Each structure stands twice: as structure tokens, then as C-alpha cells.
Amino acid sequence: MNPGSLGQPKQARPEACYALWEKGGFALRSVSYDVEATVAKVEKLPLTPEVGADLIAVLRNGCAAPQAGV
């Protein structure tokens, strides 16, 4: 089971997701984190403008931006 990962949310909420296994059952959880601190680090990476913008959109919006013409 992989509920998600920090920094690549796909559930339309900019949160870190994880699974908790406890007492024979599991629960999916999410927590808020400092998205803008992560965005600032991404902006310093040697990425193409398109890749950087796409990653920042995912971080801020919790999902990928819709692609034009798709």
C-alpha cells in the first residue's frame, strides 16, 4: 500500500499523506506542512521553467494543472 508522498499530492489538497497501521487495521491520514518553504527550495533547483512551474502547481494545488488541449 502506498497512500502518497510528501511533495507530490494527488488528492487536490496540498498535504502530506501517509498510512497508519495500528491494532490490525489501517487508516489514511494527511497533515499540513509549509508548502511555500518547499516551493522556495524548488525555485532554486536547476529545472526547466516548465518543469518547475508544473511541480510548484502540484505543491500548491494538491494536483497537476490541467493540460491545454487534453
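If we count every other residue with Cβ under 14 angstrom of Arg60's Cβ, Lys/Arg +1 and Asp/Glu -1, where does the sum land? That works out to -2. Under a 5 Å amide H cut-off, with hydrogens placed 1.01 Å from N, Leu47 pairs with nothing among residues at least 5 apart or on other chains.
Sequence-ordered 3J(HN,Hα) estimates for region 39-46 from the Karplus curve with 6.51, -1.76 and 1.60 and θ = phi - 60° stand at 4, 4, 5, 4, 4, 8, 6, x Hz, glycine and proline given as x. Applying the Karplus relation 6.51 cos²θ - 1.76 cosθ + 1.60 with θ = phi - 60° to region 21-31 yields 3J(HN,Hα) values of 9, 8, 6, x, x, 10, 9, 8, 10, 8, 9 Hz, where x marks Gly and Pro. Here the Karplus relation 6.51 cos²θ - 1.76 cosθ + 1.60, evaluated at θ = phi - 60°, turns the backbone of region 32-37 into coupling constants of 6, 8, 6, 4, 5, 5 Hz, with x for every Gly and Pro.
Taken together, the values in this text are just the output of simple stated rules run on the coordinates, not laboratory data. All values reported here derive from a predicted model rather than from experimental measurement. Backbone-built Cβ (ideal geometry, glycine too); neighbour counts: all protein chains shown.
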